[in-house]
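For reference, the structure is listed below as structure tokens.
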Amino acid sequence: MLVSACAGTIARDNTLLPALRLAWPEVKAGAERFADGPPENLPAITAIADADRALVDSEVPETAMANVDWDLVIQMAREDILERVGKQEIGPGVGASLDERLIRFEQAVNKYLRREDR
């Protein structure tokens, strides 16, 4: 059992974490575009900053990742995609592709945090 737990931690840190870090700049950009606005967006801005710290700066990513409001970050990135499609900045096909990448990011976050039932 201990070997299995260690293997899971190693896989998360050596596979999922680098993949999340690689995808984060694009997810962050979408969330920031959507959150940009009035000061009442403080929870959104805080969630993005927390995610940035967890994926970029943290020496203990598992703890930092658990403290991020990932649902809010992902919701903002998704709303940005919908808004850009609605404004015809990007086409529906591009929007669908970006949404698929966001779904994969969300799945990786949930797997990393062991929230796979979501």
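Read-outs: derived from the displayed coordinates by stated rules, not from any lab. Note that this is a predicted model, so its numbers are computed, not measured. Positions of Cβ are generated from backbone atoms using ideal geometry, with glycine treated the same way; all protein chains shown enter the neighbour counts.
Once the piece of chain linking E59 and A96 is laid out straight, how much longer is it, given 0.36 nm per residue of separation minus the C-alpha distance between them?
Result: 9.9 nm gained on full extension.
At a 10 angstrom cut-off on C-beta neighbours, averaged per residue, how do the peptides 77-89, 44-56 rank from highest to lowest?
44-56, 77-89
Take the Cβ-Cβ distance between R104 and L42 as r, set R0 to 30 Å, and report the resulting FRET efficiency rounded to the nearest 0.05.
E(calc), rounded to 0.05, equals 0.55.
State whether the range 25-118 is rounded, prolate or oblate according to the following rule on the C-alpha gyration tensor (a ≥ b ≥ c being the square roots of its eigenvalues): a/c under 1.5 gives rounded; otherwise a/b larger than b/c gives prolate, and the remaining case gives oblate.
Because a/c hits 1.5 or more and a/b fails to exceed b/c, the range 25-118 counts as oblate.
As an exercise, identify the GluC sites (Glu not before Pro) in the range 31-71 lying in DSSP coil whose Cβ has no more than 13 other Cβ atoms within 10 Å.
Sites meeting the loop and neighbour criteria: E59.
So how do 67-76, 101-110 stack up, highest first, on mean other-Cβ count within 10 Å?
67-76, 101-110
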